[in-house]
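The values are calculated or read from the model by the stated rules, or taken from the named source; none is laboratory data. Only a predicted model underlies this, so the values are computations on that prediction, with no experimental measurement involved. Here the Cβ is made from the backbone with ideal geometry for all residues, glycine too, and neighbour counts use every protein chain on show.
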Amino acid sequence: MDCQYHFPARPITSGNALTALATPAATTLPANVGQELYDVITITDPRCGIDQQKYRVLAIQTDYDRRQGNYHQRLTLGAP
């Protein structure tokens, strides 16, 4: 499985938060009906070199794939 995250080149820290907001991250994952805008989430994925990195949800796009019969969400993420 390929890494489906699209993150800024540097991790988001308080020192570069304004830069991080200008270059938001994005990920696509199975739909979560409880996901809300502005939630702070923690992502860990060793395949992508991400370990307990916090992001704030800035946008949610939910799509339905009729061929596979499933929903997925694309989350746009910014500084926590």
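Of all residues in the range 26-60, those satisfying the criterion of being β-branched (Val, Ile, Thr) and more than 10 Å from PRO80 (Cα to Cα) are THR27, THR28, VAL33, ILE43, THR44, ILE50, ILE60.
Does at least one position in the range 1-9 carry a residue that is modelled with pLDDT under 55 and of a type in the set (Ser, Thr, Tyr)? No: zero hits.
Considering the range 23-57, and only residues there that are surrounded by 16 or more Cβ atoms within 10 Å (Cβ to Cβ) and among the polar types (S, T, N, Q), the residue that is nearest to ARG74 (Cα to Cα) turns out to be THR27.
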